[in-house]
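Structure first, then comments.
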Amino acid sequence: MMGLQSMSKKEFKKNEPNGSLNNKNFKGHELLIPAIIQDYENKDILMLGFMDKESFIKSIQTGYTWFFSRERKKIWNKGETSGNFQKIKKILLDCDKDALVFQVIQTGFACHTGNRSCFFNEIPFNEIDELKLNDTAKDLNFGSYSGIYGLEKNSEHSFDFLADLYEIISDRIKEKQENSYTYNLHVKGIDEIIKKFGEESIEVILASKYQEKNQLIYEIADLFYHLIVLMFERDIKLEEVIAELKSRHK
């Protein structure tokens, strides 16, 4: 049960990356600009990301997209973990210079769900009854962003955080941080990881039967963490599991 607890105290600490540009201004947040990612060939809209000055410069220097993670407070390279890289072919800037379009050659999927594009949910606006407009609007995540400056994502209550967690686990292992619970678990090998996952599974079963809801939530969180460590160890991506689940949905 120590896995996620250790992560929350040590590995989820939101420090700026070493050498990052000091780009803070509005309410202590990074100055960000929205970056629309578009397929260079068929012009499909693939995703929306956010860049700070450092990730924008890095994108131009490398020829591949980099973004700023509002959850982890650091830049990240799209495809570094999943292999779904975006090779930049063209960059467009809007008239107010406060939004970007990157036309790219997309490898694999752009969306962590396993869809090629993040924009796969259609709102049939011509079919919405006047009385149901408020209900439709309630389904949208208003408040997730606070304007172009100081954008924040409420990923504490979003399954998108699992993708962030996967990348955090990847970073800890690749960086070989000796004080990291995740890295030490990786060093011990697959047998120890399987053992820990089994222990956490039993904890969830026991909590389901005998303990209060809050304790069950705690145990499920530990189970999720160790499951993602196991997935990383066996080179299984989140989008592969999601694609399998989607294939079963008839």
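Looking only at segment 163-188, count every residue that is part of a loop (DSSP other than H, G, I, E, B) and either hydroxyl-bearing (Ser, Thr, Tyr) or modelled with pLDDT of 95 or more (or both) and tell me the total. So that I can check it myself, show each step before the final result.
Keep residues of segment 163-188 that are part of a loop (DSSP other than H, G, I, E, B), which gives 175-180.
Checking the rest, the ones that are also either hydroxyl-bearing (Ser, Thr, Tyr) or modelled with pLDDT of 95 or more (or both) come to 180.
So the answer is 1.
Counting only residues that are acidic (Asp, Glu) and either in contact with a Leu (Cβ under 9 Å, 6 or more places away or on another chain) or surrounded by fewer than 15 Cβ atoms within 10 Å (Cβ to Cβ) (or both), which one in segment 72-104 is modelled with the lowest pLDDT?
Among them, the one singled out is 96.
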For segment 163-195 the number of residues that are buried (at least 17 other Cβ atoms within 10 Å of the Cβ) and in contact with a Leu (Cβ under 7 Å, 6 or more places away or on another chain) is 3
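Restrict the check to segment 227-239 and report whether at least one residue is exposed (fewer than 12 other Cβ atoms within 10 Å of the Cβ), under 25 Å from the mean Cα position of the chain (by Cα) and at pLDDT below 95. Please lay out each step first, then the result.
The first filter runs over segment 227-239 and keeps only residues exposed (fewer than 12 other Cβ atoms within 10 Å of the Cβ), leaving 234-235.
Now restrict to residues that are under 25 Å from the mean Cα position of the chain (by Cα): 234-235.
Those still in the list that are at pLDDT below 95 too: 234-235.
So far as segment 227-239 goes, yes, one or more of its residues are exposed (fewer than 12 other Cβ atoms within 10 Å of the Cβ), under 25 Å from the mean Cα position of the chain (by Cα) and at pLDDT below 95.
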Do we find that residue 218 is over 30 Å from residue 107 (Cβ atoms), at pLDDT below 95 and not aliphatic (A, V, I, L, M) in this structure?
-> yes
Limited to segment 56-73, what total is found for residues that are in contact (Cβ under 8 Å) with a residue 40 or more places away in the chain and assigned to a strand (DSSP E or B)?
-> 1
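Give the residues of segment 74-129 that are in a loop (DSSP other than H, G, I, E, B) and among the hydrophobic types (A, V, I, L, M, F, W, C), sorted by residue number.
Hits for segment 74-129 are 85, 95, 99, 109, 110, 111, 118, 119, 120, 123, 128.
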Yes/no for residue 156 being over 26 Å from residue 62 (Cα atoms), assigned to a helix (DSSP H, G or I) and modelled with pLDDT under 80 = yes
Would you please name the residue that is surrounded by the fewest Cβ atoms within 10 Å (Cβ to Cβ), looking only at residues in segment 34-55 that are at pLDDT 95 or above and either assigned to a helix (DSSP H, G or I) or β-branched (Val, Ile, Thr) (or both)?
-> 45
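The values are calculated or read from the model by the stated rules, or taken from the named source; none is laboratory data. Here the structure is a predicted model, which is why all the values come from computation and not from measurement. Please note: Cβ atoms are built from the backbone with ideal geometry, for glycine as well, and neighbour counts cover all protein chains shown.
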